[in-house]
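Written below as structure tokens is the structure these notes are about.
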Amino acid sequence: MAETAEASEAAGRAEPRGRVVEGLRAYRLIAAMWIRSTMAYRTSFVLTTFGNFAMTALDFVAILLMFSRVDALGGWSLGEVALLYGLSGISFGLADLAIGSMDRLGRRVRDGTLDTLLVRPAPMLAQVAADRFALRRLGRVTQGLLVLGYALVVVDVDWTVAKLLLMPVMLLGGAGIFAAVFVAAGAFQFVAQDASEVANAFTYGGMTMLQYPPTVFALDLVRGVTFVVPLAFVNWLPACFVLDRPYPLDLPGWVAFAPPLVAVACGALAGLAWRAGLRSYRSTGS
Amino acid sequence: MGVGSGRLYAAVAAGGFRRYATYRVATAAGVFTNTVFGLILVYTYLALWDERPQLGGYDQAQAVTFVWLGQALLAALAIGGGGFEDELMERIRTGDIAVDLYRPADLQLWWLAADAGRAVFQLLGRGVVPFAFGSLFFPVALPREVSTWAAFLVAVGLGALVSFALRYLVALSAFWLMDGTGMLHMAWIAGLFCSGMLLPLNVFPGALGEVVRALPWSSLLQAPADVLLGEAAPLGTFVFQAAWAVALLAVGRLVQSAATRRVVVQGG
Amino acid sequence: MGGSGTMAGADTAGPGAAAFIELDGVEKVFDVRKKTGFLKRERRRVRAVDGLSFTVARGEMVGYIGPNGAGKSTTIKMLTGILTPSGGRLRVAGIDPSRERTRLAQRIGVVFGQRTTLWWDLPLIDSYRLMHRMYRIPDVRYRENLERCVELLQLGELLDVPVRQLSLGQRMRGDIAAALLHDPDVLYLDEPTIGLDVVSKAKVRGFLRDLNAERGTTVLLTTHDLQDIEQLCSRVMVIDHGRLVYDGPLAGLHEAGESERTLVVDLERELPPIEAPEPARVMRVEGPRQWLAFPASASAAGLVARIAAEYPLVDLSVREPDIESVIARMYAERTSA
């Protein structure tokens, strides 16, 4: 009896650090349940995992086919484009693996199942993020790693310590930026439940755009993904540093190292949007 | 089948149309997303054709048109999924399909009618705006003759039929696989890659190009596009599409009767 | 059962412990946008809950009823912390639900009649293991509570069955168990017997009665089934248009709206209305079928015997009064009085 009371006390304590730990714990528990659920249909799991891998692989095959007809795209060679592709794919894949089901939020609002999550003693963001957790999404990460490996073999990089350090930093920063976009898109669905597809424009659309060199796109589009939805920090700017290429929009050299900062800032904004969205749901019930 | 059942399927089709028409916000969201994807693709194609003018026999304007055509037809022809197949699979999974089998209507025709209604709505609701946007802001190659536009619409209709036949087969796989998500994913991939959505099929090199152009998925995007761009003779294209449609629909019927026997044996 | 009979959180005695659930002038206002034309939309403020005040003591078992759209589920959503009230004061176990949602979650159990919280593709036991960890239920308590629920709700053979293969009644029992593993002080049930067969209904009701008697769990249930209330609740609250229109024993509600049962009679052929003894009377005739109304308090036996003796009877059935009709009659009497 005393133990139960204690446990409820602990769960109720509202320290921010406690919330994060609680959230991660709930995330782990729910994600584990989803993994077990998918294993109930093994054939389908194998097929979807393979499908995920094949889908992304064919995506790259399309680029290979393009380069079977041309030597460069926007002045970038196949190896360099492969580098962009790999970085974009891994960053996006990690974010997609972690919280890729945020687009189901609108459906949960519509059918009322969101309420069943609200009566659980766990932070909502963690519960929604872990919803439909799917290991098959590792397919994209794997494929991204393979393409990145290929790129690093083919491209002649003048490696320095800074460049080596930048590689993992940009992958994690990039995943953070994409994750923030996922969360913001989720928050938007509290307001417009049917608009989940808008998120695809920024997530899948953003990832596709980042697979190609910035020199291909119109300047306004490049400005948009640098200053409005700062996806350029995922791979374009750091990759320009690694490849010793001129930066788009004449940006200063240090921006290549900004991805973690940009990720934190985006995360904070997305977090605020999420809180506002949840508050509006709890005040309107729709 | 008399006039009465014709009326029934028309009503089902109208229902399919209306059902999608109610989701205005979702439609607007889809239009936005198609437009953004069109923008991204169109710049990569412009760069590609800058590098190699006349690549695959298209000039730059034709390539740009192909991009926006793809975005316009993506939802209507359910190239990346998103039609009736999720629902049909869910009904098979939950066993509700047994109810459908007792309806005085043909299962395949019923879903075909519903999907046709959806396709027409999505062609209008989701296709027109991105295509108009692309035509306004980028150099496109559009025919002047009404007859070409008419032939294009016929090719789109036949493409929708092939698309339905393919997805119907995929959905029926749920009778044997408890969870058909995996099949669904594989079908989307095949659809996106082999229809020309990722890259026009005429850009594919050598034997690979020959093969993908002979597969049914080329009926979805490549065939209507080539008719509109004046790169393919309409009649030959129609014959190709119709042959695939008839073959796939027939296979669908065979699979359907096998599946129905299965349901009867299991007692629903 | 465990024999301990203790209740988690019993140490939070003090002011307000007697009134376990407290509402004081609680309001909930929604802005509803209604389509009035092709693009025109009208904004309208709807008071879903309009100045609701009541208290429920620890260990009470209360039926919370009212027509659809009366504000029932809005109230429950505010009590469980899902919705934030627009005004007024609300406390459950001394906690403000909307501000301390996760802390409250440890103290309450919720069963949504139509929406299962169990994991569809996994064996039932897996859902319970998740509850065990998510609610940080001490191992001993978890085992005791699970054993008790398994025994009383007859879940023993179902624990290893994937939830998708359970019948509606089995799933409901599974859901109720899931809501009770963490020893909640309050249990909210939303239509717990909807769609269940007679046997399942009886099992669920019996379990709830025992739970309340032995553990002192406070139970608040919404239902359309008058028998749920008759067999479980000593107290009924009726809400309509967001306001409490009745709060008292069920007997009083019957008095307030003298309810009637219906006897549906199928005769061999079409006949003029049956001449039934007072106070029964024919409400409707449709071909060989006739509907007779008689007081809910009276036995049907005499009436049935009389009809069977005098008319060519094929089949008959008795329909219980539903809550809607009781409430409707309650209103009718009130306005005529």
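The values are calculated or read from the model by the stated rules, or taken from the named source; none is laboratory data. Quantities reported herein were computed from a predicted structural model and do not represent experimental measurements. Here the Cβ positions follow ideal geometry from the backbone for every residue, glycine too, while neighbour counts run over all protein chains shown. These area figures cover heavy atoms from the full protein model, side chains too; ligands, DNA and RNA do not enter into them. Shrake-Rupley method; radii C 1.70, N 1.55, O 1.52, S 1.80 Å.
For B:Leu192, the solvent-accessible surface with a 1.4 Å probe is about 40 Å², rounded to the nearest 10. Measuring with a 1.4 angstrom probe and ignoring ligands and nucleic acids, C:Met283 comes out at about 110 Å² accessible.
Between B and A, buried accessible area from a 1.4 angstrom probe totals roughly 3400 Å², ignoring ligands, DNA and RNA.
Just check the stretch B:67-114 against the gyration tensor rule for me: Cα atoms, a ≥ b ≥ c as the square roots of the eigenvalues, rounded for a/c under 1.5, and otherwise prolate or oblate depending on whether a/b exceeds b/c. It comes out oblate by the Cα gyration axes. A simple spin-label model places pseudo-atoms 7 Å from Cα toward Cβ; at B:Tyr102 and B:Val211 they are separated by 4.7 nm. Can you work out the FRET efficiency for the pair C:Arg306 and C:Arg115, with r the C-beta to C-beta distance and R0 = 41 Å, to the nearest 0.05? Working from the Cβ atoms, E equals 0.30. Per-residue mean of foreign Cβ neighbours for B:49-56 is 3 (Cβ atoms of other chains, 10 Å radius). Scanning residues 5 or more positions from C:Gly87 or on other chains, those with amide H under 5 Å from its amide H are C:Glu27, with H placed 1.01 Å from N in the peptide plane. For the pair A:Ala192 and A:Leu251, the difference between a 0.36 nm per residue extended length and the Cα-Cα distance amounts to 17.7 nm.
Phi angles of the stretch B:183-188 translate, via the Karplus equation with coefficients 6.51, -1.76, 1.60 and θ = phi - 60°, into HN-Hα couplings of 4, 4, 4, 4, 5, 4 Hz per residue; Gly and Pro are given as x. Does the stretch C:52-100 come out rounded, prolate or oblate by the C-alpha gyration tensor, with a ≥ b ≥ c the root eigenvalues, rounded set by a/c under 1.5 and, if not, prolate when a/b is larger than b/c and oblate if not? In terms of gyration-tensor shape, oblate. Buried accessible surface for the A/C chain pair comes to about 3600 Å², total over both chains, computed with a 1.4 Å probe. A Cβ-based charge dipole, computed about the Cα centre of the protein assembly as shown with Lys and Arg at +1 and Asp and Glu at -1, lands at about 840 debye. Relative contact order of chain B, taken over Cα pairs closer than 8 Å and 6 or more residues apart, is 25 percent. Close amide H pairs (under 5 Å, H built 1.01 Å from N) link C:Arg243 with C:Asp50, residues at least 5 positions away or on another chain. Note: relative contact order over chain C, using C-alpha pairs below 8 Å and six or more positions apart, is 18 percent.
Calculated accessible area for chain C comes out at 46 Å² per residue, all protein chains present (probe 1.4 Å; ligands, DNA, RNA ignored). Per residue, the solvent-accessible area of the stretch B:46-109 (1.4 Å probe, heavy atoms of protein chains only, all protein chains present) comes to 36 Å².
Residues in the stretch C:297-319, backbone N under 19 Å from the label point at C:Arg269 (7 Å along the Cα-to-beta-carbon vector): list them, ranges by number please. Taking a point 7 Å out along Cα→Cβ of C:Arg269, the residues of the stretch C:297-319 whose backbone N falls under 19 Å are C:308-315. Summarising the label geometry, the points placed 7 Å from Cα in the beta-carbon direction at C:Glu230 and A:Thr43 lie 5.1 nm from one another. Distance between the 7 Å Cα→Cβ label points at B:Trp149 and A:Val153: 5.3 nm. A:Leu272 contributes about 110 Å² of solvent-accessible surface, heavy atoms of the protein only, 1.4 Å probe. Once each of the trypsin sites (Lys or Arg not before Pro) sitting in a DSSP loop with at most 16 other beta-carbon atoms within 10 Å is removed, chain C keeps C:116-268 as its longest stretch.
Computed over protein heavy atoms with a 1.4 Å probe, the accessible surface of the stretch A:141-190 works out to 43 Å² per residue.
3J(HN,Hα) along the stretch A:112-125, derived from phi through the Karplus expression 6.51 cos²θ - 1.76 cosθ + 1.60 where θ = phi - 60°, amounts to x, 6, 4, 4, 5, 7, 6, 9, 9, x, 8, x, 5, 4 Hz, with x in place of Gly and Pro.
If you take the beta carbon distance between B:Thr94 and A:Ala265 as r and set R0 to 60 Å, what does 1/(1 + (r/R0)^6) give as a FRET efficiency, to the nearest 0.05? Efficiency, from the Cβ-Cβ distance: 0.85. Measuring nothing but protein heavy atoms, the accessible surface of the protein assembly as shown at 1.4 Å probe radius is 60 percent carbon and sulfur. Return the FRET efficiency for the residue pair A:Ala218, C:Val46: r is the Cβ-Cβ distance, R0 is 35 Å, and the value is rounded to the nearest 0.05. The calculated FRET efficiency here is 0.15. Annotation note: trypsin sites (Lys or Arg not before Pro) in the stretch A:52-136 located in DSSP loop regions with a Cβ neighbour count of at most 13 within 10 Å are absent. Our helix-only sum for the protein assembly as shown, with -39,500 (n - 2.57) per DSSP H run of n ≥ 4 divided by its residues, gives a mean residue ellipticity at 222 nm of -18500 deg cm²/dmol.
Going by accessible surface with a 1.4 Å probe and the largest first, A:Asp96, A:Asp194, A:Asp103 read A:Asp103, A:Asp194, A:Asp96. Mean partner shielding of peptide C:113-122, defined as the number of other chain Cβ atoms within 10 Å of each residue Cβ, is 4. Inter-chain neighbour count for A:70-80: the average number of beta-carbon atoms from partner chains within 10 Å of each residue's beta-carbon is 2.
Each of B:Phe152, A:Phe227, B:Phe238 has its accessible area taken with a 1.4 Å probe; listed largest first, they run A:Phe227, B:Phe238, B:Phe152. Normalising the average separation of contacting C-alpha pairs (under 8 angstrom, six or more residues apart) by the number of residues puts the relative contact order of the stretch C:260-320 at 49 percent.
Simple point charges give the picture: +1 on the Cβ of Lys and Arg, -1 on the Cβ of Asp and Glu, and for the stretch B:1-84 a dipole about the Cα centre of about 600 debye.
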